[in-house]
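The structure under discussion appears below in the form of structure tokens.
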Amino acid sequence: MSNFLNLIKKQRSASKYEKFKGTFLDYLQIIKDNPETVQLAHKRLYETIKEFGMETVDVDSDNYRDIFNGDKIRKYDYFEKEFFGMESVINKLMRFLKSAAHKGEESRQVLLLMGPVGAGKSALVEAVKASLESSKPFYYLEGCPLKEEPLHLLPRGLRTEFEEILGVHLEGDLCPVCRHRLITDFKGKYENFPVTQSTFSQRGRRGIAVVPPMDANSQDVSVLIGTEDISKLDLYPEDDPRVLSLNGAFNVGNRGIVELVEVFKNEIEFLHTIITATQEKRVPSPGKHDMVFFDGVILAHCNESEWNRFRSEHTNEAILDRIVKINVPYILELNKEMKIYEKILGRSDFKAHIAPHTLKVASMFSVMSRLKPSQKCDLITKMKIYNGEEVIEKGRVKKIDIRDLREESRGEGMKGISTRFIMKCVDAALTDSESNYITPISVIESIKKQVNEQLIDEDFRERCLEIIGSVVREEYLKILENEIAKAFVTAYEEQAQALFDTYLDNAEAHTTRAKIKDHITKEEMEPDEQYMRAIEEQIGITGSSRDGFRSDVTAYMFAKMRRGEKVNYTSYEPLKEAIESYLISSVKDMARIVTKSKTRDDEQQKKYSEMVQTMMDEYGYSADSAEEVLTYASNNLWRDS
Ligand SMILES: Nc1ncnc2c1ncn2[C@@H]1O[C@H](COP(=O)(O)OP(=O)(O)O)[C@@H](O)[C@H]1O
Ligand SMILES: [Mg+2]
């Protein structure tokens, strides 16, 4: 028991801050000492996120240039761990906040995140709100339902002078409730008005408000601006501010954030309040009372069809004018898509073993379902290029400019399979298998099933079935074949390196028309034509293209060495592929026999066990999942041979 109590006490004292309590006069002194204390909402939010750390990425140095077309890009530490491939969206969001912080027009705009389901809009808004919850407490007029900035007490006539003395910018007028108190409780002596502090809290409804979408019937503008308290209408005259319950979203979210979920599901009338809030930074109050000042960041999100419907109605022009839209597309980079699932699974209580390549296979499917077909290459090549991989074709790295591909498919990523769909498939794979692991095989099956059951649009369903049933499946079989063969080759790296060294010696001699020297006998020999050909044909280099390939390889390697760089068998992608393929094909037959045969002799059984062990120790399979993929390989690979 006392343990619990200790824990509770410890947490309480850690989370406590010394809440300031004083008068407006004391507050003025605080500002005089530190004018930065006074911040409007956009600026506070911007500074809060920036303070976690920020780095300007040198767009020339890495592949960011390709991704952002040479735009300058900043990385914000705050979002780094949780968001993948959203740099561009985050940069636009931060740019919006920054210029709003400088009181640009953006401070009078709604920021709208528009994109397909599961693209991360809600998650991003959650993160933004959470940042405020971690920010320093802010000062407000004690008892104010809007937690308003105490400087609102300053009468108009004194403001310019105070702005100069304090070095701050003043905006906004006292709310009706505080004005009433000022007159009745403090006889107009605003210097005595009490000032205190608060932190931000969404659940505590302090500075963060969320407006869920409402249907036309239950829609009531009081959700936004509060109500008149009927029980008090008997006590006070109609225009007495004491009847006001200023607990609407624009009251609660003052100083911080108002989030509008699926904003266009709301009726137009509802949206007018939002326009006023942005245009005038004021919102109506209930009944016959004055408008109240509003200073907050308005964040909205919606999907594309809602946006299109809304945009097409010309009566909506006024509000369209008040919207800064940021597109939030799906991720099109395989590696980043995989990270999303790793993150989601890491947070869930999903405890099953996930065999290697499982999330990759699922991600290949979702990414390819989002890609528009290209004139320049097939879907999987496009996916690989987007992922920053080198694609080899006829012995050369395929030269396709990623920018051309993007140019060709503008607006890509707004349609396709969602992250949620994939998570459902992963969960279903586990439930169906009744065992405590999932593999690429069970996930492929699960995806097929879900596609058949869930996708209504026939064209899209067919396209998805083609992708999962053939493109992804074949790619996975290639990966698996490689992996099994590698598990079969003892000392794989050393063998590959030895093949590489020999090839390079021969290719150089061939190119420079020299002889090669046997390392041991010192005997001079002609280059080994047969050996070179055996390597080259692995990647389809035959006939007259051999000379070119050999001199390319030689030139490439020696240029690297001259620069003092180390070369090894992985240095030149086409040659690496050739060597691996040579090595793998040399053990293919053995691998096939050992995995396929129902009855293994002692030697084969030993080899098989060793292979399973390697797959467990080096690739991260469990015994069960290794068996499953090996069985799959023996049934689906090497069938014709
Ligand atoms: N680019 C991304 N990086 C990290 N997580 C992402 C990304 N895109 C989606 N997610 C995750 O996918 C899930 C669904 O996203 P969500 O924010 O609910 O989408 P939306 O609101 O756009 O429909 C969330 O768990 C979210 O964290
Ligand atoms: Mg959402």
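The values are calculated or read from the model by the stated rules, or taken from the named source; none is laboratory data. All values derive from a computational prediction rather than experimental measurement. So basically every Cβ, Gly included, is an ideal-geometry build from the backbone, and we count neighbours across all protein chains shown.
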Original post:
If you take the residues of the stretch 281-290 that are farther than 23 Å from residue 212 by Cβ and buried (at least 17 other Cβ atoms within 10 Å of the Cβ), which of them is farthest from the chain's Cα centre (by Cα)?
Top reply: 289
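Per-residue answers, yes or no, for (1) in contact with an Asp or Glu (Cβ under 7 Å, 6 or more places away or on another chain); (2) within 16 Å of ligand 1 (Cβ to nearest atom); (3) not charged (D, E, K, R):
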position: 326; (1), (2), (3): no, yes, yes
position: 341; (1), (2), (3): no, yes, yes
position: 347; (1), (2), (3): no, yes, no
position: 355; (1), (2), (3): no, no, yes
position: 369; (1), (2), (3): no, yes, yes
position: 379; (1), (2), (3): no, no, yes
position: 387; (1), (2), (3): yes, yes, yes
position: 397; (1), (2), (3): yes, no, yes
position: 403; (1), (2), (3): yes, no, no
**OP:** Taking residue 345 as meeting all but one of (1) out of contact with any strand residue (DSSP E or B) (no Cβ under 8 Å at 6 or more places or on another chain); (2) within 30 Å of residue 436 (Cα to Cα), write down the number of the exception.
**Re:** (1)
Original post:
Is it the case that the stretch 198-207 has a residue that's more than 16 Å from ligand 2 (Cβ to nearest atom), surrounded by fewer than 17 Cβ atoms within 10 Å (Cβ to Cβ) and either within 19 Å of residue 319 (Cβ to Cβ) or hydrophobic (A, V, I, L, M, F, W, C) (or both)?
Top reply: no
Subject >> the stretch 117-129, residues that are surrounded by fewer than 21 Cβ atoms within 10 Å (Cβ to Cβ) and either closer than 22 Å to residue 273 by Cβ or touching a residue at least 40 places away in the same chain (Cβ under 8 Å) (or both) >> reply: 117, 118, 122, 123, 127
Original post:
Considering only the stretch 85-112, how many residues are assigned to a loop (DSSP other than H, G, I, E, B) and within 15 Å of ligand 2 (Cβ to nearest atom)?
Top reply: 1
Subject >> When residues of the stretch 243-280 are limited to those that are within 29 Å of the chain's Cα centre (by Cα) and of a type in the set (S, T, N, Q), the one modelled with the lowest pLDDT >> reply: 266
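Residue by residue, here is whether (1) touching a residue at least 60 places away in the same chain (Cβ under 8 Å); (2) among the polar types (S, T, N, Q); (3) over 26 Å from residue 426 (Cα atoms) holds:
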position: 372; (1), (2), (3): no, no, no
position: 379; (1), (2), (3): yes, no, no
position: 384; (1), (2), (3): no, no, no
position: 396; (1), (2), (3): yes, no, yes
**OP:** Please find, among 314, 289, the residue that is away from ligand 1 (no atom under 16 Å from the Cβ) and touching a Leu at 6+ places or on another chain (Cβ under 8 Å).
**Re:** 289
Subject >> Residues satisfying the stated conditions in the stretch 113-144, i.e. within 13 Å of ligand 2 (Cβ to nearest atom), out of contact with any Leu (no Cβ under 8 Å at 6 or more places or on another chain) and not in a helix (DSSP H, G or I) >> reply: 114, 115, 116, 117, 118, 119, 120
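Let's see how each residue does on (1) out of contact with any helix residue (DSSP H, G or I) (no Cβ under 9 Å at 6 or more places or on another chain); (2) without any contact (Cβ under 8 Å) to a residue 60 or more places away in the chain; (3) of a type in the set (Gly, Ala, Ser):
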| residue | (1), (2), (3) |
| --- | --- |
| 159 | no, yes, no |
| 170 | no, yes, no |
| 173 | no, no, no |
| 179 | no, no, no |
| 183 | yes, yes, no |
| 190 | no, no, no |
| 194 | no, no, no |
| 201 | no, no, yes |
Original post:
Which of the residues spanning the stretch 114-148 are within 13 Å of ligand 1 (Cβ to nearest atom) and either touching a Gly at 6+ places or on another chain (Cβ under 9 Å) or of a type outside the set (A, V, I, L, M) (or both)?
Top reply: 115, 116, 118, 119, 120, 121, 122, 126, 129
Original post:
residue 297: crowded, with 24+ Cβ neighbours inside 10 Å, of a type in the set (A, V, I, L, M, F, W, C) and over 20 Å from residue 328 (Cα atoms), yes or no?
Top reply: no
**OP:** State all residues of the stretch 188-226 that are under 22 Å from residue 265 (Cβ atoms) and among the hydroxyl-bearing types (Ser, Thr, Tyr); if no residue qualifies, say none.
**Re:** 218, 222
**OP:** Go through (1) within 16 Å of ligand 2 (Cβ to nearest atom); (2) over 30 Å from residue 252 (Cβ atoms); (3) not in a helix (DSSP H, G or I) one by one and return the number of the condition residue 376 breaks.
**Re:** (1)
Subject >> Residues satisfying the stated conditions in the stretch 258-269, i.e. more than 16 Å from ligand 1 (Cβ to nearest atom) and more than 11 Å from residue 211 (Cα to Cα) >> reply: 267, 268, 269
**OP:** Might you let me know whether the stretch 286-304 holds any residue that is among the basic types (Lys, Arg) and either touching a strand residue (DSSP E or B) at 6+ places or on another chain (Cβ under 7 Å) or modelled with pLDDT of 90 or more (or both)?
**Re:** no
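Residues checked against (1) touching a Pro at 6+ places or on another chain (Cβ under 9 Å); (2) away from ligand 2 (no atom under 16 Å from the Cβ); (3) in a loop (DSSP other than H, G, I, E, B); (4) not aromatic (Phe, Trp, Tyr):
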residue: 236; (1), (2), (3), (4): no, yes, yes, no
residue: 259; (1), (2), (3), (4): no, no, no, yes
residue: 264; (1), (2), (3), (4): yes, no, no, no
residue: 286; (1), (2), (3), (4): no, yes, yes, yes
residue: 290; (1), (2), (3), (4): yes, yes, yes, yes
residue: 295; (1), (2), (3), (4): no, yes, yes, yes
residue: 300; (1), (2), (3), (4): no, no, no, yes
residue: 306; (1), (2), (3), (4): no, no, no, yes
residue: 330; (1), (2), (3), (4): yes, no, yes, no
Subject >> Scan of the stretch 422-436 for residues that are over 13 Å from residue 454 (Cβ atoms), in a helix (DSSP H, G or I) and away from ligand 1 (no atom under 14 Å from the Cβ), ordered by number >> reply: 429, 430, 431, 432, 433
Subject >> Any chance residue 342 is away from ligand 2 (no atom under 16 Å from the Cβ), of a type outside the set (Gly, Ala, Ser) and under 22 Å from the mean Cα position of the chain (by Cα) >> reply: yes
Original post:
Can you name the residue in the stretch 53-80 that is at pLDDT 90 or above and within 23 Å of residue 341 (Cα to Cα) and, of all such residues, is nearest to ligand 1 (Cβ to nearest atom)?
Top reply: 79
